[in-house]
1. Distance from the Cα centre of region C:37-116 to that of region B:220-289, in angstrom?
2. Can you figure out the FRET efficiency of B:Arg62 with C:Tyr12, using R₀ = 45 Å and their beta-carbon distance, to the nearest 0.05?
3. Using θ = phi - 60° and the Karplus curve 6.51 cos²θ - 1.76 cosθ + 1.60, what whole-Hz ³J(HN,Hα) does each residue of region C:203-208 get, with Gly and Pro shown as x?
4. Order A:125-132, B:131-138 from most to least packed using the mean count of other Cβ atoms within 10 Å.
5. Please report, in debye to the nearest 20, how large the charge dipole of region B:84-288 is about its Cα centre when each Lys and Arg carries +1 at its beta carbon and each Asp and Glu carries -1 there.
6. When you look at the Cβ of every residue in B:100-109, what mean number of other chain Cβ atoms sits within 10 Å?
7. Once both labels are modelled 7 Å past Cα along the beta-carbon direction, what's the C:Ser51-B:Phe119 spacing in nm?
8. Taking a ≥ b ≥ c as the square roots of the eigenvalues of the Cα gyration tensor of chain A, is the shape rounded (a/c under 1.5), prolate (a/b larger than b/c) or oblate?
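All of the numbers you see were taken from the coordinates with simple rules; none came from a lab. The structure displayed is predicted, hence computed values, not measured ones. Positions of Cβ are generated from backbone atoms using ideal geometry, with glycine treated the same way; all protein chains shown enter the neighbour counts.
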Amino acid sequence: MNLLEVTNLSKQYGHDLLALQNISFSVQNGEFVAVIGPSGAGKSTLLRCINRMIDPTDGEVVFDGVQMSKLKKNELRMQRRKIGMIFQHYNLVSRLTVIENVLHGRLGYKSTFAGIVSHYGKDEKKQAFEIIEMLGLTEQVYKRCDQLSGGQKQRVGIARALIQNPRMMLCDEPIASLDPSASKVIMDYLRNISTKLGITCLVNLHQVDVALNYADRIIGVNKGKIVYDGPPNLTPEEVYMIYGSAAGDLIFDVGGQHAS
Amino acid sequence: MNYLDSLEALRTQFPSYKSGVTLHNYSIKKVTKASIVMRITLLSLVILTVYGFYTFDYKDIRIIDAITQALTTFKTMFTQPRFNHFNFGQGVYQVAVTLGLTFLTTLIGAFIALFLGLFAAQNLSSTVVSNAIKSFVAVIRAIDTVLWVLIFAVAAGLGSVAAVIGMTFHTIGYLIKAYSESFEELDPGVIEALRGSGANWWQIVFQAVIPSSATSLLSWTFMRFEINYAVAVAMGAAAGAGGIGFELFMAGNHYYDLREVGLITYFILSVAIVLELVSIRLKLRLNTH
Amino acid sequence: MRVEALVKKRKYNVIFFAVLLILTLTSIVLTEFDAAKGITSIPRAIRWATSNFYPDIKSLEKIPRIWIKLRETIFLSIAATTMAAICAAFLALLGSKTTRVNRLLGAASRGISSIFRNIPLTAWALILLLSFGQSSLTGFFALFFFNFGFLARAFVDTIDEVSSDGVEALQAAGATYFQIIFQAVIPTCLPQMISWILFMIETNIRSATLIGILTGTGIGFIFELYYKSFQYHVASLVVIFIIISVLVIEFISNYVRRVIL
């Protein structure tokens, strides 16, 4: 059975701005899928329609056998726990420490009151420290997040998502604000999370070369429509199809990579 | 299927994993100076507030009665506003007088503050001059406009002259601080580059400093315009400067005419809201350009 | 093209300054402002102030009386700000785009705060004077209502500006509304909010003079008492007390801001 099933998904802003048009695809358990496309193609909207951070105008998302649109507020929260989310701007609470931010991933499992007073169980804290250690942030545990580098912040974001014990990770441009070396570290982590932990990853990427290097499968989006869905060996023509006229430099990149 | 079981297997896969680093103490709170100061501040505010309520001079007012009475008063004021001592045209005229006072004091104040602000900015002036102006200005701002107006009133008599001078005085104090801080935010490289090309101080000011801080100067000036509107109302009521504030004072303190107080409040409120909307739109436009 | 743009710019400038000039002249006529009298009154005011407006030995006897009123005013300012801040925080949660319950309540909350802050303090004082007379409560409620509107707006801006990222992340993790408020909104916004509260206390002590004059309470009342009875030495002492207390409070709040922001 597919972990995620998206059928005829559409999202309309205002009267005539169609951000997504009849998007359909499915993702199997453990897959690493990269969604690529030019900026403004609707990648972010697509990701947010899956966990209903944005409510789609039309169509259906079935995650882990549950129809997302039917869920009431509390059921939606329960379902969201199973989906970790990584953001371009990390979306950490920057005045809090690394450990406090990581533990925020557990809030969905707690009563409102326990969450308000930051009452976490011993095993939760232990897990948090283990994940932090795994991501190489041990020395930063008690640092405030606004004192971290971009790469470190994104690792905190990953830790916060992992401690949710998710079935799937939605990553919205996770490396768009990072330098190349930090980008590589983050992509390596995500790839390992998918391979070793069996967590499905759906990653929005702007960079074709990164997508080709890491993904099992590529979904190309342009102007709110899926224009490519298949294995990560795109021809320059296919890249052109996804990126339109903005593809000039990208095609060159891809060509170079195939040559090497 | 819990992935945490496979953590061990995963660890070796991660480049940054350092074996031997273990944390036995799973504490998640860390006390910092900032959090302590924040708590002390909040706690003192609460204590001072409670203590304040004990010491207030309540005269012989019974609070519950007074509040019920206030509610009835509000109801009369705002549901049955009516003209009694003047008509709509005169109301508009009085609002115009108040706006005139606002405009005049803001404009003169801004003009003078622009020059003094240059000398108060650390990066454009000497430290001694800058500090001298800034401390003087801090004292000016510490006193409410009404006191300045009353002080000038001894020499000029109560009325619009004292109000304009006093309000201008306070406006200058406020704007010098705001302007000089805007100037100080200027990129030091720009000044250096112009100085390197042989520009003199006035050229630097007019070619670099004022053009690049114009946006923030304008938005501070509009903000002060809004403040001065409220001050102009106050000066009408408390220092005989005329305008809608004076009418409000007469209606409230002389005729005890609730309906007219309500009506005048509506006049004042609607102008203030228009000013706020204009200022928000201007700020948006300035920021996008 | 370039020359045309320059000409256009010049044209704009001419229009701009012409409008300013017309508005200035209109304002002078409307307010009956006598510029000559205004300018000559400045040196006269300075001369008068240097020869009369300073505390003398005899005026020092009044210090205890002044101190009582000053203390009352300071407590009034703090109490009004604190109470207003508590109420404003709730209104701001309803009014901010990131934390509002729904659009309708959001708009209503913004409208309420707009009305409260756009009625000037003077109007609040005169309105409340009719019900509460010359008691501290008049000043308290006047400051409270105005601060409530002002702080609600400031808090909404703060929440909108700084907390939307963290809020989005916690929503995605399945946190409840109140968990999000306490774990994301409050930690990010509290320092900024405290800074606004301190700013408001400073402002209030200044405005308390005005309110005191209008309502016959606190430090404003005692200033007017001596001012109207021509005891300028004591009146100047009151002014000095106000300056000192504002500067001290400014100093404390600058310290707090430096540490927490």
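1. Using only Cα atoms to place each centre, the spacing works out to 16 Å.
2. Values: r = 62 Å, r/R0 = 1.38.
Result of the calculation: an efficiency of 0.15.
3. Running phi through 6.51 cos²θ - 1.76 cosθ + 1.60 with θ = phi - 60° gives 4, 5, 5, 4, 5, 4 Hz.
4. Numbers: A:125-132: 20.9, B:131-138: 15.5.
Ranking the peptides A:125-132, B:131-138 by packing returns A:125-132, B:131-138.
5. Computed about the Cα centre, the dipole is about 160 debye.
6. Whole-number average of other-chain Cβ neighbours for B:100-109 is 4.
7. 2.7
8. Working: a/c = 1.97, a/b = 1.32, b/c = 1.49.
Oblate, since a/c reaches 1.5 and b/c is not below a/b.
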